[in-house]
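Following: one structure in structure tokens, then a few remarks.
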Amino acid sequence: MLRIAPSLLSADFADIRAQIQAVQSAGADQLHLDVMDGRFVPNLTWGPKIIGDLRKLSPLPFDCHLMIVEPERYVDAFRKAGADIITFHYEATDHAQRLLAYLRSIGAKAGISLCPQTPVAMLEDIIEDCDLVLIMSVNPGFGGQSFIPRSYEKIRQARALIDARNPGCMLEVDGGIGASNLREVVAAGADTFVMGSSIFDTPDPGAALEAMRTILAQV
Ligand code: DX5
Ligand code: ZN
């Protein structure tokens, strides 16, 4: 199954109800919510309060991408706010296996993300503990950046690891994905595609998402 996860980072929050409705009607599979703390990444977004409020606007799975230091301090709050998938960064905690197991124990899907400099090999001893692996194809922190080409090789490596050891695990890619490279990202082996600017920085986010869905139907 190929999933589209629109990232609300690029959405217009003055009109967030309509923006969510548009991508939901167009067939979004999950909503990607980027949490930034100004420390792990040089940008700030929102915390559990906003996610709890957004929860009232959509039944779609909430895919929370935590770009924060010491994520273990906050995962309970995000789970209580309504996060279904909680993804933290390998680089942001000393005890990734413990946190993955903890996420499952509180009923969340356990996700781990790798920045562009972190090799896929870092997942070798924890892949069975993951429900989602998120390969960052840009340096996290901002929407609208260019896809880093080396990411294709990382996606292929992650696909091989997942197929061999944990085939149910989702393989998500985030950053610089749009109509021009979506096919290649699929071909490399990803099954879940985060898209921010290529959906929301357009006049009609619903139509933009439908165009991506059409591409996925043809691969
Ligand atoms: C960036 C975030 C992304 C962001 C992607 O750090 O993790 O989810 O919204 O934006 P685009 O799709 O514009 O690269
Ligand atoms: Zn993200």
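What are the lysines whose alpha-carbon lies under 16 Å from the alpha-carbon of Lys56, with same-chain residues fewer than 8 places away excluded? Output for Lys56: Lys80. Close amide-amide hydrogen proximity is noted between His89 and Ile68, Ser113, each under 5 Å apart and 5 or more residues distant or on a separate chain (H modeled in the peptide plane; Pro and chain starts excluded). The Cα center of region 79-143 and the Cα center of region 150-183 differ in position by 14 Å. The relative contact order of region 3-218 comes to 21 percent, based on Cα pairs under 8 Å that sit 6 or more residues apart. Measuring with a 1.4 angstrom probe and ignoring ligands and nucleic acids, His65 comes out at about 0 Å² accessible.
Amide H to amide H distances under 5 Å link Lys109 with Ile85, Ile86, where only residues 5 or more positions off or on other chains count and H is placed in the peptide plane. What the Cβ-Cβ distance of Asp12 and Ala187 gives, at R0 = 45 Å and to the nearest 0.05, is a FRET efficiency of 0.90. Along its first, second and third principal axes, ordered by size, the chain spans 43, 38, 29 Å in Cα coordinates.
The values are calculated or read from the model by the stated rules, or taken from the named source; none is laboratory data. Just so it is clear, the structure is predicted and the values come from calculations on it, not from any experiment. With ideal geometry, Cβ positions are generated from the backbone for all residues, glycine too; neighbour counts draw on all protein chains shown. Ligands, DNA and RNA are stripped out before the accessible areas are found, and what is left, the full protein with its side chains, is counted by its heavy atoms. Shrake-Rupley method; radii C 1.70, N 1.55, O 1.52, S 1.80 Å.
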